[in-house]
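Below is one structure; the comments refer to it alone.
The values are calculated or read from the model by the stated rules, or taken from the named source; none is laboratory data. Just so we're clear, the structure is a prediction, and the values are computed from it rather than from any experiment. Neighbour counts are summed over all protein chains in view; Cβ atoms, including those assigned to glycine, are modelled from backbone coordinates with ideal geometry.
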Amino acid sequence: MDNKSVYLDNNATTALAQEVLEAMLPYLREQFYNPSSSYPEAKGPRDAIEAARESVARLLGAGAKSEILFTSGATEANNAALWGVLRANPDRRHIVTTQVEHPAVLEVTKELERNGYRVTRLGVDRDGTLDKVELLQAIEKDTAIVSIMHGNNETGVIFPIAELSRIVKAVDSKVVFHTDATQTVGKIPLNLTKGLPDVDILTLSAHKLHGPKGTGAMFVRRGVRWRPWLIGGHQERSRRAGTENVAGIVGLGVAARLAMHNFVQETRLKLLRDKLEAAILEAIPNVFVNGQNAERLPNTTSFAFEYVEGESILLALSDAGICASSGSACTSGSLDPSHVLKAMHIPFSAAHGSLRISTSRYTTEAEVQRLIDVLPGIISSLRRISPYWDNETNAPRADVDVFVQEKYR
Ligand code: PMP
């Protein structure tokens with residue numbers, strides 16, 4: 001093993017593809033012109049933006065490239081989707097979403113509530129799946145938008161958005177259906193014309209598919225009632241003001257083209273994921289895979305190790321040169337399990353020991369094997385010092401339920 005670290009946190013961000021970097025460089029050097037300028041030099045950047053728009057439209061199977069607009073990332077695109085639809089439909093004051101959305105949707109809906117809107121947040125079951133009847137019943141007379149993510153960033157659980165958007169449109173064709181597809185675009189093929197005709201707005205981010213950070217896009221289907229979120233200049237046909245991030249947009253375009261050629265990797269990543277899960281479930285007691293029975297992204301596994309603490313697993317993995325992520329929100333100063341795992345009713349003692357592994361097309365089998373080699377040792381040494389673990393029997397203490405409750409009363 002060389003001393004290069006093993007990167008298994010691709011749902012957080014991905015490595016910039018070499019081809020992307022090379023395509024971007026001229027737009028940071030000689031092709032620096034403002035695409036809105038009238039002299040001929042500006043045509044290069046302007047054409048490059050349009051070529052990128054075409055590539056993103058093709059990746060998404062959009063009907064026309066005019067339905068794609070570029071943003072600073074998925075956070076901006078999600079804000080623009082929600083606020084933009086509400087501003088275009090002032091008589092409608094209700095939003096339907098889920099409890100497991102990314103904060104870039106979740107926090108917006110909280111802010112909307114503070115502004116007098118009503119929000120229904122659909123729950124999920126233990127596998128992280130939604131109840132379609134509940135969705136149907138959640139739609140009210142003045143529902144403006146239903147915002148349901150495509151693939152979950154923590155668990156990889158995929159929501160059946162084709163069917164969910166069809167249900168919404170069947171109830172009220174004027175309700176706008178938005179999906180945050182940040183974690184699925186580039187990982188699994190999707191087609192907004194043939195497969196997802198009822199999805200009105202789709203949002204994505206370049207840095208999750210080997211593109212640059214700080215660039216994203218939104219698809220807004222022609223005819224959808226939506227108003228621009230960023231107002232100012234006339235860029236993006238007055239739908240998103242601000243001088244374009246030309247190099248970033250070019251990078252996203254190339255990333256989109258590369259992704260289309262790499263969907264063949266889906267099977268390899270799925271096999272790698274299945275191998276990892278089988279090996280860990282075999283080698284370690286008291287562990288399960290969050291959302292195991294649901295349809296999931298090929299690159300994501302969320303493990304729940306009972307009676308260990310996620311952050312300690314991450315520290316030990318980091319010592320072993322492996323980058324991964326945990327399911328607790330410790331960065332925000334609390335050790336609470338994430339809102340996603342809470343919504344799935346993962347037991348307290350397991351949600352705390354959650355570990356997210358996410359691969360990419362650059363992940364090798366040897367890297368996953370390295371994780372398989374070191375993880376059992378890490379878990380067993382952490383359990384040896386856990387007050388919940390009985391080292392004699394190598395199992396949880398017989399009175400662990402009472403003990404956990406006492407400790408957390
Ligand atoms: N939505 C989802 C599902 C995500 O995973 C992320 C990134 N973690 C975002 C939105 C935010 O994307 P960005 O970093 O481009 O703002």
Among the residues of the stretch 165-187, how many are surrounded by fewer than 18 Cβ atoms within 10 Å (Cβ to Cβ) and either assigned to a loop (DSSP other than H, G, I, E, B) or polar (S, T, N, Q) (or both)? 3
Could you check how many residues of the stretch 105-121 are under 20 Å from the mean Cα position of the chain (by Cα), surrounded by 18 or more Cβ atoms within 10 Å (Cβ to Cβ) and either more than 16 Å from the ligand (Cβ to nearest atom) or farther than 17 Å from Ile161 by Cβ (or both)? 3
Only one of (1) over 16 Å from the mean Cα position of the chain (by Cα); (2) among the basic types (Lys, Arg); (3) within 12 Å of the ligand (Cβ to nearest atom) is not met by Lys141, so which one is it? (3)
Quick check on the stretch 236-255. Is at least one of its residues more than 21 Å from Tyr27 (Cβ to Cβ), outside any helix (DSSP H, G or I) and among the β-branched types (Val, Ile, Thr)? no
Residues that are under 23 Å from Asp180 (Cβ atoms), at least 3 per element: which helices (runs of 4 or more DSSP H) completely within the stretch 1-104 meet that? 43-60, 74-88
Enumeration of residues in the stretch 32-83 that are away from the ligand (no atom under 16 Å from the Cβ), more than 30 Å from Phe263 (Cβ to Cβ) and either outside the structural domain of Asp198 (by TED's automatic domain parsing) or of a type outside the set (Lys, Arg) (or both): Phe32, Tyr33, Asn34, Pro35, Ser36, Ser37, Ser38, Tyr39, Pro40, Glu41, Ala42, Gly44
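To keep it simple, each residue is scored yes or no on (1) at pLDDT below 95; (2) over 23 Å from the mean Cα position of the chain (by Cα); (3) within 14 Å of the ligand (Cβ to nearest atom).
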{"position": "Val176", "(1), (2), (3)": "no, no, no"}
{"position": "Asp180", "(1), (2), (3)": "no, no, yes"}
{"position": "Pro189", "(1), (2), (3)": "no, no, no"}
{"position": "Ile201", "(1), (2), (3)": "no, no, yes"}
{"position": "Ala206", "(1), (2), (3)": "no, no, yes"}
{"position": "Arg221", "(1), (2), (3)": "no, no, no"}
{"position": "Arg225", "(1), (2), (3)": "no, yes, no"}
{"position": "Gly232", "(1), (2), (3)": "no, yes, no"}
{"position": "Glu236", "(1), (2), (3)": "no, yes, no"}
Given (1) under 22 Å from the mean Cα position of the chain (by Cα); (2) under 23 Å from Thr267 (Cβ atoms), index of the condition Lys194 fails: (1)
